[in-house]
1. Given springs between every Cα pair under 10 Å in a Gaussian network model of the chain, which of Glu101, Glu257, Glu71 has the largest fluctuation?
2. What relative contact order, as a whole-number percentage, does the chain give when Cα pairs under 8 Å and 6 or more residues apart are counted?
3. Quick check: net charge around Val147, other residues with Cβ under 13 Å of its Cβ, Lys/Arg +1 and Asp/Glu -1?
4. May I ask for the net charge around Lys108, where only other residues with Cβ less than 12 Å from the Cβ of Lys108 are counted and Lys, Arg are +1 while Asp, Glu are -1?
5. Would you work out the charge dipole size for the stretch 119-269 about its Cα centre, treating the Cβ of every Lys and Arg as +1 and the Cβ of every Asp and Glu as -1, and quote it to the nearest 20 debye?
6. Please enumerate, by chain and number, the lysines with C-alpha under 19 Å from the C-alpha of Lys123, excluding those fewer than 8 residues away in the same chain.
7. Among Lys208/Lys332; Lys9/Lys274; Lys9/Lys222, which pairs are too far apart, with a Cα-Cα distance over 24 Å?
8. Which one, Tyr203, Gln89, Ala12, is farthest towards the positive end of the dipole of the chain when Lys and Arg carry +1 and Asp and Glu -1 on their Cβ?
Amino acid sequence: MKPLTLLIKPAAGLCNMNCGYCFYRAASEGRENRVMTTGTVDALIQKIREYQPSALSVMFQGGEPTLAGIEYYRYFIDRVRTNLSVPVQYALQTNGLLLDEEYAAFFKKYGFLIGVSLDGNRKTNDRYRRDRNGGGVLPQILNAVSVLKKYNVDFNILSVIDDENAGDIVSTWNYFKKHGFDYLQFIPYVDEGNGVSLSVEAYGDFLKKSFDLWYDDYMRGKYVSVRHIDNYIGILLGRPPENCAMCGVCGSYFVAEANGDLYPCDFYCKDPYKLGSIFDPEPFAINETHRRFIAASEVIHAHCAGCRYYALCRGGCRRDRTDHDTKNRYCKAYYEFFEYAAGRMLRVAQLLADS
Ligand code: SF4
Ligand code: SF4
Ligand code: SF4
């Protein structure tokens, strides 16, 4: 028996926003975008039951998953509770537009961890995150967060970093602090069509500056959870990273589309990577397509093999390695960051180990 991690897209590619950097829009174009039916939920739960995982982690994502409606989630949880006896952790990533008190009370009741997408202050957030009419959405997002706070729901903030946000990370950090957002994760903006959209130099500066901000706060007794820093310090403490991009190898989860199709990763919901469907007899068995996907991430570039920071970096996310060369496109940024911050990360790890 082993744990099973599912990323479910209950509303497929449907979304009530039109963000400038949405990679999923292109991936879901031409597909039938409709909410997962109760029949598909039933089939999915049945296949999980047959797989007999030791633990189950379910992350709902989109498109915008709240477009599925709260009844979808009520039904899903009812089916889980009726049919499965494993411990289940729930998470949901949202743009916040539809998040209301009913949703918040529900999330609290079932222990959901909510990720809210927010890039920074109005100027930063409005750069890409816009509604279908091109309008800014910051007030709605802040309102969603205040509803989550009112119901004491655990949440974190997911920010996309482009060159401008990277250069302005001090403002973004202070903005998040001002609002009491203490759980943060940052991901680089990579445009599939144009290659790197966050430059290597800007990412390197971002990693260093954000670490300085984090470290100064930490040393003043103020802990802010930043996902990539938490993972690096966890690795130094001998813990396995929870972020698959830091494991050095893919294959830690399945993406289930609204129609039941399965893919190996949110960044690879594309036809050549389709693994099958939850309607297949054994959908969570590793098949040839999945094996090939995982194997591509297992290739260690010669630079990485000889890198003094390999144990920390492990070559990074496969998505950031090019087709022709398995070295990470952000290698220089990571290497310089480790040179800059590894000593202080080690110091924090030692403090934690001694505490
Ligand atoms: S909210 Fe998410 S799914 Fe919707 S357009 Fe923005 S990035 Fe894409
Ligand atoms: S491509 Fe990156 S995000 Fe996707 S499974 Fe591999 S490491 Fe994880
Ligand atoms: S810093 Fe560069 S060379 Fe070192 S492990 Fe990371 S990607 Fe590989």
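Taken together, the values in this text are just the output of simple stated rules run on the coordinates, not laboratory data. Remember, it's a predicted structure, so these values are computed and weren't measured experimentally. Don't worry about glycine lacking a Cβ; one is built from the backbone with ideal geometry, like all the others, and counts go over all protein chains shown.
1. Glu71
2. Across the chain, relative contact order equals 17 percent.
3. Values: positive: Lys108, Lys149, Lys150; negative: Asp100, Glu101, Glu102.
Taking every Cβ under 13 Å from that of Val147, the sum is 0.
4. Working: positive: Lys109, Lys149, Lys150; negative: Glu101, Glu102, Asp154.
Once positives and negatives cancel, what remains is 0.
5. Numbers: 16 positive and 21 negative charges, 147 e Å.
Roughly 700 debye for the stretch 119-269.
6. Lys177, Lys178
7. Working: Lys208/Lys332 12 Å; Lys9/Lys274 15 Å; Lys9/Lys222 35 Å.
As for pairs spanning more than 24 Å Cα to Cα, those are Lys9/Lys222.
8. Checked the options; the winner is Gln89.
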